[in-house]
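Student: Dropping a structure here in structure tokens format, bear with me for questions.
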Amino acid sequence: MTTGVQPLDEPTRSRRNHWNNQIASHAQMRPDAVAIRFCGVDTTWQQLNERSLKFADALARRGVGLGDRVLILALNYPEYLEAVFGITAVGAIAVPVNFRLTPPEVAYIVSDSGAKAIVTDAMLQPLATAVQSRTPALETCVVIGGKTADGVFGYDDVLAEGGQAHTPLDIPEDTPALIMYTSGTTGSPKGAVLSHSNMNAQSLTCIRALNLGPDSISFCTSPLFHIAGIGSLAPAFQLGSKTVLHPLGAFDATDFLDAVEREQATSAFCVPAQWQMICDEPTVKDRKLALKMLSWGAAPASDTVLRAMADCFPNAANVAVFGQTEMSPITCVLDGEDAIRKLGSVGKPIPTIQARIVDDEMNDVVPGEIGEIVYRGPTLMAGYWNKPEATADAFAGGWFHSGDLVRADEEGFLYVVDRKKDMIISGGENIYCAEVENVLFAHPKIREAAVVGRAHEKWGEVPVAVVALVDADAELTLADLAPFLNENLARYKHPKDLVVVAELPRNASGKVVKVQLRKDYSS
């Protein structure tokens, strides 16, 4: 990847529209306004700007500069964001990493990205140390909440060093800002290269879709290593609005409601599994909340969850956002006014992108027919880092291939049928796992469900349902399900086996890890 970074030209540099300049503007115009609130502690825009630039200085003194990659392996803290902005201030690229990965998995990302430094926290320092032992090229380790010792540097210590400041650069908007590694649920993760202009386009999408303004208070529960986390904060950096950053850990619906009520947050994003837990919380309808906008994505939501959200939050618009990391991530939005009328839809493509639904020969399909949605537009990544062949495959025919199979209704609303790789072909018939899963979700005994294919001597493949029950002590058999399935699903789509588990395996983004289910139950 190359950049158009030029020697310092202050008039040109001051016109750049990226988050470093946006934060500097808020620091100048509203220095004491709150940018981030975390566990009751405020970081103002002036503090955010000053600390980010101090971290940039510390990186520059350690040889990190234009085009270098810096991993971030940490839980949600304000320092996480300061580190991102410090990294991009020197023209380097931030590489957020899923902290639930194992040392070999993180080491793969270090090797693939060619990172030379890592930012971690005290809790995850053992993981970072294990990764460093596998990847000697990872020269510098900075620990949030840690102390300088034994070859690592405490975050606050490096901010307090003083000394030579880095030379400011004129960084064009098409300069890479992030490498976001996909979750790897279908194989080795690939690093989507996202530029500053990608994040600006994402900001405009969120501002429009969620009706955000300077007085909005956004509540962030998503991990910042995920595009749903850092991408959802991009509009706040542009608008100068306040973000309440929720600490990570096992999700607790009561804690969530307590914090949203205490902070009087106006918007919140959660994955559907979290919204289900929130709606099941006994006091949810008694809360004095300021929520005006609910949003969900990253995984499919059943009709049951959507109806529960409408019942529990009647005064808040329920907005579905759909997309993927490679698109920064939002590509489609279902506005709150259509949430009930178009249950199950992910809405329509946003105005700033181009989208088509095509067959395998790149011919447009007619409304009602199933095809793959492909994209162009300003939120589209530059490509996969260090993977030219994967990039070429993804951009075949001049459009980005999402891998999502969808159909459009007569009004242009889109419905996700399945991931292209998840489709089961049984006896020559296409079976879409998401369709079967949505039916299973509606069964009163089933809390969550996933469907995978299993090889079959006669039919090629057959569907297998893996479910978790509402009552963990209850029992459910395929014979018990038969009458319900007969009413709601064509016979050839019926699961041929039922596996009851305590819970489905999910990654940190809330997505079911189907590669694990296939490994466990497809044979």
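Student: Just flag the GluC sites (Glu not before Pro) in the stretch 337-439 sitting in loop per DSSP whose Cβ has no more than 14 other Cβ atoms within 10 Å.
Tutor: Those satisfying the criteria are GLU361, GLU369, GLU410, GLU411.
Student: Rg and Dmax of the stretch 101-162 over Cα atoms: what are they, in angstrom?
Tutor: For the stretch 101-162, the Cα radius of gyration and maximum Cα-Cα distance read 11.5, 36 Å.
Student: How far is helix 125-134 tilted off the main Cα axis of the chain, in degrees rounded to 10, range 0 to 90?
Tutor: 90 degrees
Student: About its Cα centre, what dipole magnitude does the chain give when the only charges are +1 on Lys and Arg Cβ and -1 on Asp and Glu Cβ, stated in debye to the nearest 20?
Tutor: Charge dipole of the chain: 580 debye, to the nearest 20.
Student: Which net charge results for the neighbourhood of LYS348, defined as the other residues with beta-carbon distances under 15 angstrom from its beta-carbon, given Lys and Arg at +1 and Asp and Glu at -1?
Tutor: Here the count lands on -2.
Student: What trypsin sites (Lys or Arg not before Pro) in the stretch 327-419 are in a loop by DSSP, with at most 14 other Cβ atoms within 10 Å of the Cβ? Before the final figure, lay out each step's value.
Tutor: Working: sites: ARG341, LYS342, ARG356, ARG376, ARG407, ARG419; in loops: ARG341, LYS342.
Qualifying residues, ordered by number: ARG341.
Student: Just the number: Rg to Rh for the stretch 10-192, Cα atoms, Kirkwood Rh, two decimals.
Tutor: On the way: Rg = 16.1 Å, Rh = 16.8 Å.
Value, to two decimals: 0.96.
Student: For Cα pairs less than 8 Å apart in space and 6+ apart in sequence, what is the mean separation divided by the residue count of the chain, i.e. the relative contact order in percent?
Tutor: Here the relative contact order equals 11 percent.
Student: Calculate, in nm to one decimal, what LYS496 and GLU50 gain on full extension: separation in residues at 0.36 nm each, minus their alpha carbon distance. Spell out each step's value before the answer.
Tutor: Values: separation 446, 0.36 × 446 = 160.56 nm, distance 6.02 nm.
Full extension from LYS496 to GLU50 adds 154.5 nm.
Student: Which entries in LYS116/LYS420; LYS445/LYS514; LYS292/LYS514; LYS342/LYS387; LYS116/LYS421 show an alpha-carbon gap greater than 32 Å?
Tutor: Exceeds cut-off: LYS116/LYS420; LYS292/LYS514; LYS342/LYS387; LYS116/LYS421.
Student: Ok, one more. To the nearest 500 deg cm²/dmol, what mean residue ellipticity at 222 nm is calculated for the chain from DSSP H runs of n ≥ 4 alone, each contributing -39,500 (n - 2.57), summed and divided by the residues?
Tutor: On the way: 16 runs with 164 residues, N = 523.
Theoretical 222 nm ellipticity from helices: -9500 deg cm²/dmol.
Student: Ok, one more. For helix 478-488, what angle does its Cα long axis make with the longest principal axis of the chain, in degrees from 0 to 90 and rounded to 10?
Tutor: Here the helix axis deviates by roughly 90 degrees.
Student: Suppose the chain between GLU411 and THR12 were pulled fully straight at 0.36 nm per residue; how much longer would it get relative to their current alpha carbon spacing?
Tutor: Stretched fully, the GLU411-THR12 segment lengthens by 139.2 nm.
Student: Gap in Å between the Cα centre of the stretch 352-386 and the Cα centre of the stretch 13-61?
Tutor: The two parts, judged by their Cα centres, are 37 Å apart.
Student: Over the stretch 423-521, what relative contact order in percent results from Cα pairs under 8 Å that are six or more residues apart? Mind showing how you got there, number by number?
Tutor: On the way: 159 pairs, mean separation 27.3, N = 99.
RCO, the stretch 423-521: 28 percent.
Student: When only Cα pairs under 8 Å and 6 or more residues apart are kept, what is the percent relative contact order across the stretch 250-420?
Tutor: 15 percent
Student: Then there's this: Taking the stretch 250-420, how much of its Cα-Cα pair set, in percent, is spaced more than 29 angstrom apart?
Tutor: Tail of P(r) above 29 Å: 29 percent of Cα pairs.
Student: Further, regarding this structure: Averaged over all directions, how much area does the convex hull of the C-alpha atoms of the stretch 423-521 cover when projected, in nm²?
Tutor: Dividing the Cα hull surface by four gives the mean projection, 6.3 nm².
Student: Based on the Cα gyration tensor of the chain, what are the three equivalent ellipsoid semi-axes, each the root of five times an eigenvalue, rounded to whole Å and given largest first?
Tutor: Numbers: eigenvalues 307, 128, 109 Å².
Largest first, the chain gives 39, 25, 23 Å.
Student: In degrees, nearest 10, range 0 to 90: what is the angle between the Cα axis of helix 253-263 and the longest Cα principal axis of the chain?
Tutor: Orientation of helix 253-263: about 50 degrees from the principal axis.
Student: How far, in nm, would the chain grow between ALA482 and MET123 when pulled straight, counting 0.36 nm per residue and subtracting the alpha carbon separation?
Tutor: Taking ALA482 through MET123 to full extension adds about 124.4 nm, to one decimal.
All of the numbers you see were taken from the coordinates with simple rules; none came from a lab. As the structure is a computational prediction, the values presented were derived from the model and not from experiment. So basically every Cβ, Gly included, is an ideal-geometry build from the backbone, and we count neighbours across all protein chains shown.
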